[in-house]
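Engineer: Encoded as structure tokens, here's the structure I'll be asking about.
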Amino acid sequence: MTNRAISFIVKDQNPLMLRPGDTVQTACQRMCERSVGAVLVTDAHAHLKGIFTGRDAVQVIARGGHPGEVQLSEVMTAKPDTIGPERTALDALHMMCDGGYRHLPVVVDGKVVGIVSRTDFKGLELDHFEDEQSLWERIC
């Protein structure tokens with residue numbers, strides 16, 4: 001498949017979700033356990049509040065913060081861009097490239113249904129995306 005629906009990519013997913021009051025240390029431990037690069041920060045009903053990534057963790061440490069004391073609500077990206085499950089892999093790749101991020105929450109009516117990252121996309125999707133990007137670079 002060259003342009004799968006996002007719903008297909010996240011159909012069996014169990015995304016890592018934590019609460020805004022959880023600490024950076026807890027987030028990093030869970031990310032390590034699950035081998036993922038991002039945590040979706042949600043309320044008790046899985047409504048998205050923000051996203052926390054490995055890049056955010058590095059910034060906390062670089063600024064002298066104590067991971068066991070800093071809450072996710074203090075360092076997460078609040079109200080991140082999201083994508084709906086009806087959209088396509090190429091839509092997600094364009095959003096990530098344009099926004100400069102590697103993770104994109106999948107949301108329906110504010111509620112998390114999954115997350116996609118650049119590594120979720122297959123060769124033909126990436127090839128098609130890169131061909132489009134190359135064409136735009138030549139035009140501009």
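Engineer: Just give me the residues in the stretch 36-86 being charged (D, E, K, R) and buried (at least 17 other Cβ atoms within 10 Å of the Cβ), in sequence order.
Structural biologist: Once the filter is applied, which keeps residues that are charged (D, E, K, R) and buried (at least 17 other Cβ atoms within 10 Å of the Cβ), the stretch 36-86 yields Lys49, Asp56.
Engineer: Residue by residue through the stretch 81-106, note down the ones that are more than 11 Å from the chain's Cα centre (by Cα) and over 16 Å from Asn3 (Cβ atoms).
Structural biologist: Residues satisfying the conditions are Asp98, Gly99, Gly100.
Engineer: I'm trying to understand the selection: among the residues of the stretch 1-27, which are closer than 19 Å to Tyr101 by Cβ and within 15 Å of the chain's Cα centre (by Cα)?
Structural biologist: Ile6, Ile9, Val10, Gln13, Pro15, Leu16, Met17, Leu18, Ala27
Engineer: If Ala5 meets every condition in (1) at pLDDT below 95; (2) more than 17 Å from Val112 (Cα to Cα) apart from one, which number is that one?
Structural biologist: Just one mismatch for Ala5, condition (2).
Engineer: Further, regarding this structure: Restricting attention to the stretch 70-92, does a residue exist that is modelled with pLDDT of 95 or more, more than 18 Å from Val36 (Cβ to Cβ) and touching a Phe, Trp or Tyr at 6+ places or on another chain (Cβ under 8 Å)?
Structural biologist: Within the stretch 70-92 (the criterion being modelled with pLDDT of 95 or more, more than 18 Å from Val36 (Cβ to Cβ) and touching a Phe, Trp or Tyr at 6+ places or on another chain (Cβ under 8 Å)), the answer is yes, since at least one residue qualifies.
Engineer: List the residue pairs whose Cβ atoms are under 6 Å apart, where the first residue sits in the stretch 21-44 and is within 16 Å of His66 (Cβ to Cβ) and free of Cβ contacts under 8 Å to residues at least 40 places away in the same chain, the second is among the small types (Gly, Ala, Ser) and crowded, with 17+ Cβ neighbours inside 10 Å, and the two are 6 or more positions apart or on different chains.
Structural biologist: Final answer for the pair search is Cys28/Ala57.
Engineer: Does the stretch 2-19 contain any residue that is more than 16 Å from Asp120 (Cβ to Cβ), in contact with a Pro (Cβ under 9 Å, 6 or more places away or on another chain) and without any contact (Cβ under 8 Å) to a residue 60 or more places away in the chain?
Structural biologist: no
Engineer: So Gly21 clears everything in (1) modelled with pLDDT under 95; (2) touching a Ser or Thr at 6+ places or on another chain (Cβ under 9 Å) except one condition, right? Which one?
Structural biologist: (1)
Engineer: Moving on. Looking only at the stretch 36-64, filter to residues that are closer than 23 Å to Gly100 by Cβ and small (Gly, Ala, Ser); which one of those is nearest to the chain's Cα centre (by Cα)?
Structural biologist: Ala38
The values are calculated or read from the model by the stated rules, or taken from the named source; none is laboratory data. Computed from a predicted model, the values in this text were never measured in an experiment. Positions of Cβ are generated from backbone atoms using ideal geometry, with glycine treated the same way; all protein chains shown enter the neighbour counts.
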